[in-house]
1. How large, in percent, is the carbon and sulfur part of the accessible surface of the range 337-469 at a probe radius of 1.4 Å?
2. Once amide H atoms are placed 1.01 Å from N in the peptide plane, what residues at a sequence separation of 5 or more from Gly296, or on another chain, have their amide H within under 5 Å of its amide H?
3. Working from the pairwise distances between different alpha carbons, so that the mean of 1/r is found and then inverted, what is the chain's Kirkwood radius in Å?
4. Please give the per residue accessible area of the range 452-544, computed with a probe of 1.4 Å over protein heavy atoms only, in Å².
5. Pairs of Cα atoms under 8 Å, at least six residues apart: use those to get the relative contact order of the range 276-409, whole percent.
6. If I take all pairs of Cα atoms in the range 125-198, what percentage of them are more than 13 Å from each other?
7. No solvent, one uniform scatterer per C-alpha: report log10 I(q)/I(0) for the range 158-250 via the Debye equation at q = 0.20 1/Å, two decimals.
8. Quantify, in whole percent, the carbon and sulfur part of the accessible surface of the range 89-129 (1.4 Å probe; protein heavy atoms only).
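The values are calculated or read from the model by the stated rules, or taken from the named source; none is laboratory data. The structure displayed is predicted, hence computed values, not measured ones. Glycine gets a Cβ as well: all are built from the backbone with ideal geometry, and neighbour counts include every protein chain shown. Note: areas computed on protein heavy atoms with side chains; ligands, DNA, RNA excluded. Shrake-Rupley method; radii C 1.70, N 1.55, O 1.52, S 1.80 Å.
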Amino acid sequence: MTKNVLVSVAWPYANGPRHIGHVAGFGVPSDVFARFQRMRGNNVLMVSGTDEHGTPLLVQADKEGVSVQELADKYNRQIVEDLTGLGLSYDLFTRTTTSNHYAVVQELFRGLHDNGYMIKETTLGAISPSTGRTLPDRYIEGTCPICHADGARGDQCDNCGNQLDPADLINPVSKINGETPEFVETEHFLLDLPALADSLTAWLKGREDWRPNVLKFSLNLLDDIRPRAMTRDIDWGIPIPVEGWQDNNAKKLYVWFDAVVGYLSASIEWAWRTGDPEAWRTFWNDPETSSYYFMGKDNITFHSQIWPAELLGYAGKGSRGGEVGDLGELNLPTEVVSSEFLTMSGSKFSSSKGVVIYVKDFLADFGPDPLRYFIAVAGPENNDTDFTWDEFVRRVNNELANGWGNLVNRTVSMAHKNFGEVPVPSALTDSDQRILDLAASTFDSAGADLELSKFKNAITQIMHVVGEANAYIAEQEPWKLAKDETQRERLATVLWTALQVVSDCNTMLTPYLPHTAQKVHETLGREGIWAASPQIVEVTNESPRQPVGVGLPDPAHTYPVIMGDYQTQAAKWERIDMVPGTVLSKPAPLVTKLDPELGETGPEWAPVQS
């Protein structure tokens with residue numbers, strides 16, 4: 001039975017180009033999952049966009065000497081190009097500086113406010129003494145007042161997992177310039193998390209199949225639940241849709257209130273842009289729909305606590321009660337799929353610290369699928385993982401080139417040379433049946449892992465079949481059979497068997513290696529689009545929903561989005577029989593081997609540090 005599956009992917013900040021640490025956490029895993037679900041025949045909606053509000057963009061705009069809108073436009077386009085080049089199959093990748101997003105965010109805020117879950121309080125806000133600008137919680141670091149670990153952020157301590165306020169920190173300093181922030185009284189709206197705690201706790205305790213690290217961290221958040229400020233003293237962001245506030249350009253909604261609403265607003269924009277304005281409701285109002293949220297571990301709190309609390313409050317499901325808003329009762333996440341960090345030389349990737357490998361540079365030199373493969377087999381799915389050029393070269397050469405590429409090339413080459421087409425098999429031997437059965441059973445076992453977002457387990461199983469297929473060819477020695485005319489039938493059977501296993505492995509590798517899979521599809525004599533690619537579409541910021549307040553987006557503004565026609569692709573998660581008589585052509589090399597020296601030196605743009 002066809003299922004509806006929402007794939008919500010973390011929104012990358014548009015304050016700089018993306019590095020491979022970003023796409024290891026939110027990009028590739030979500031795309032593998034979405035592509036697999038489409039191959040299963042499910043109705044998939046994969047959405048995201050660039051996150052363009054908050055102090056980080058203001059800081060970077062100052063550094064580059066441009067307006068914040070110019071900065072957002074620049075990096076929005078670059079990120080769109082990078083993610084498209086990587087083959088991430090978004091149904092819509094948009095941005096947060098759209099009229100539609102502003103309007104949907106304001107609707108969520110109004111619903112929470114009307115139901116009593118946005119409470120007004122005077123709080124202490126952190127201000128930069130040199131600029132007078134509000135410092136976001138995450139841009140303040142100090143010693144944790146609870147576990148006394150250094151490097152705790154103003155919103156939480158990664159060491160003990162407790163939520164914090166910047167004023168709680170011991171010896172707080174600004175990450176922007178190292179100065180000690182000033183704390184001043186300011187009035188803000190806070191999300192009343194304690195009033196939603198019972199509903200939030202009941203929901204979280206019902207999550208049984210989440211990754212253990214994510215569930216444990218999320219449950220720990222309940223121990224110190226407190227109201228969280230959802231507005232900021234800043235002039236760049238979404239106006240607060242409350243009388244007396246919406247025209248105050250010095251106060252805007254907190255970027256982490258607006259960013260998580262992006263999953264909903266992007267779904268609404270997708271529906272409108274594809275000609276069925278109510279289509280988004282299938283993915284948000286139908287309780288049978290499954291929704292999966294992909295991100296790095298530093299964003300868990302916003303997706304397992306803040307966003308669910310917003311959804312519960314909008315539906316009036318807290319201790320204060322309330323009415324369901326105009327958008328209806330909205331689905332809570334089915335699962336928060338969080339990855340750990342991809343590091344480099346033991347340090348978290350950081351553009352500001354020079355610990356960085358940009359996606360754009362990587363794609364230019366190596367193409368998308370080698371990076372996708374590395375993230376799948378050696379990425380930070382459950383543990384922090386160190387990227388090294390040596391390991392990248394080893395994986396590409398030994399596994400992709402010598403393993404998968406070699407299997408495809410020698411199988412198709414021998415069949416092309418000896419028959420010119422897919423040969424007609426005769427009776428199968430036990431050896432033939434054994435490798436065919438292994439491939440067939442892996443559809444089930446790897447598919448079961450992919451359903452649970454166990455991407456590494458699944459590809460390990462698939463590559464095991466690749467290894468066994470290479471061993472089968474070595475055992476059967478078709479090059480010797482080809483020299484004996486009396487073994488013609490046996491040669492045909494061995495090569496047909498090998499071609500069938502190549503076809504099976506290519507199908508199962510499609511979510512991981514879509515570009516390579518398309519090539520193999522064509523190499524096997526098949527036509528048409530096997531694995532669809534995303535496309536960049538230029539659009540105008542027009543919307544049927546109108547926001548209120550000052551500093552609203554320009555409705556005539558144009559920008560690029562990622563969309564794609566994935567419904568007409570041929571890829572299905574099932575065996576496709578190799579049809580005897582299908583014409584084969586001599587294959588081109590599938591995977592380019594890397595110079596082993598690259599593992600020792602790295603490329604010029606990211607050299608190995610001695």
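1. Values: 2500 of 5220 Å².
Using a 1.4 Å probe with all protein chains present, the range 337-469 comes out at 48 percent carbon and sulfur.
2. Ser339
3. Working: mean 1/r = 0.0387 Å⁻¹.
The Cα-based Kirkwood calculation yields 25.9 Å.
4. Working: 3740 Å² over 93 residues.
Heavy-atom accessible area per residue stands at 40 Å².
5. Working: 127 pairs, mean separation 30.8, N = 134.
Computed value for the range 276-409: 23 percent relative contact order.
6. On the way: 1735 of 2701 pairs.
Summing the P(r) tail past 13 Å for the range 125-198 gives 64 percent.
7. Log-scaled intensity ratios, in q order: -1.11.
8. Numbers: 450 of 990 Å².
Summing carbon and sulfur atoms, their accessible area is 45 percent of the total for the range 89-129.
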